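Since the structure comes first, as structure tokens, the remarks are kept for the end.
The values are calculated or read from the model by the stated rules, or taken from the named source; none is laboratory data. Here the structure is a predicted model, which is why all the values come from computation and not from measurement. Glycine gets a Cβ as well: all are built from the backbone with ideal geometry, and neighbour counts include every protein chain shown.
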Amino acid sequence: MLPFLKKVREARRPRCTALVAAAGSSSRMGGVDKLLQPLDGVPVLARTLTALQLAAGVDEIVIAAREEDILEFSQLCRTYGISKCSKVVRGGESRAHSVLLAALEASPEAELLAVQDGARPLVTPELIDRVIAAAARCSAAVPAVPVKDTVKLSRQDGAVEETLERGRLRAAQTPQVFEASLLKAALQSALEQGAPVTDDASAVERLGKTVFLVDGGEENLKITTPLDLAVAEAILQGREGAR
């Protein structure tokens, strides 16, 4: 009876494909590919993919990569047992273009698409599953954390134009999860109109759709500079020490 009930629960759960944005240039990492940098002995991208592999809500993984990285990322998946990865595809001219190309390669059975930065290696399977569950209820969900610093809106000459109300500000993270047709339509529209979108949620917001925020994780940082890599190492060491 228990295996039967498990199958029933899985049948009711919407299928979800994770789209991994991994086609960036790592321009602020001093000329090295941040996704292949070791983080406590394991490449950054491998840690990100492992979290997606372990997330119960993720059924498939599609990676968008630079053309020269496709074979290496495919081998990385084999090395680290990322069996959910079905494809590594060539990315586009921008992040939005890369995500759209990956979305078009997702299984047609995928009802949800979860966009994950390849350079967020400290994301947890639990956070991934929480955001997916939220998107299953509301069609568009994004993890976010409160902004700690006071944020100033500046003019072109460097003067302060406005101090924003910090209590309402949130820093968005990934995975950002959307109903599949909604995300593809939003990215297609943004690209066709040349709209500058800084994340996938902003593309969806352009269509007038509501995006809901889910509590993110303070440790779910994005590796952008060598300092971020050092901070991530310290966080991992803290996690190991807490076990």
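Consider the stretch 1-27. How many of its residues are among the small types (Gly, Ala, Ser), modelled with pLDDT of 75 or more and exposed (fewer than 11 other Cβ atoms within 10 Å of the Cβ)?
Residues flagged as among the small types (Gly, Ala, Ser), modelled with pLDDT of 75 or more and exposed (fewer than 11 other Cβ atoms within 10 Å of the Cβ) within the stretch 1-27 amount to 1.
List every residue pair whose Cβ atoms lie under 6 Å apart, where the two residues are 6 or more positions apart in sequence or sit on different chains, the first residue falls within the stretch 64-91 and is modelled with pLDDT of 95 or more, and the second residue, located anywhere, is of a type in the set (S, T, N, Q) and part of a helix (DSSP H, G or I).
Ala64/Ser98; Ile82/Gln53; Lys84/Gln53; Val88/Ser74; Gly91/Ser98
For a quick check of your reading of the model, give me the residue pairs whose first member lies in the stretch 49-63 and is under 19 Å from Leu104 (Cβ atoms), whose second is hydroxyl-bearing (Ser, Thr, Tyr) and buried (at least 23 other Cβ atoms within 10 Å of the Cβ), with beta-carbon atoms closer than 7 Å and at least 6 apart or on different chains.
Listed by first residue and then by second, the contacts come to Asp59/Thr17; Glu60/Thr17; Val62/Thr17.
Considering (1) buried (at least 17 other Cβ atoms within 10 Å of the Cβ); (2) without any contact (Cβ under 8 Å) to a residue 60 or more places away in the chain; (3) of a type outside the set (D, E, K, R), say which one Val131 fails and leave the rest.
(2)
Kindly establish whether Val204 is among the β-branched types (Val, Ile, Thr), assigned to a helix (DSSP H, G or I) and surrounded by 13 or more Cβ atoms within 10 Å (Cβ to Cβ).
yes
Filter the stretch 67-104 down to residues that are more than 17 Å from the chain's Cα centre (by Cα), surrounded by 18 or more Cβ atoms within 10 Å (Cβ to Cβ) and in a loop (DSSP other than H, G, I, E, B), then give me how many there are.
Number of matching residues: 0.
Of the residues that sit in the stretch 207-243 and are surrounded by 14 or more Cβ atoms within 10 Å (Cβ to Cβ) and among the basic types (Lys, Arg), which one is nearest to Pro43 (Cα to Cα)?
Ranking the candidates gives Lys222 first.
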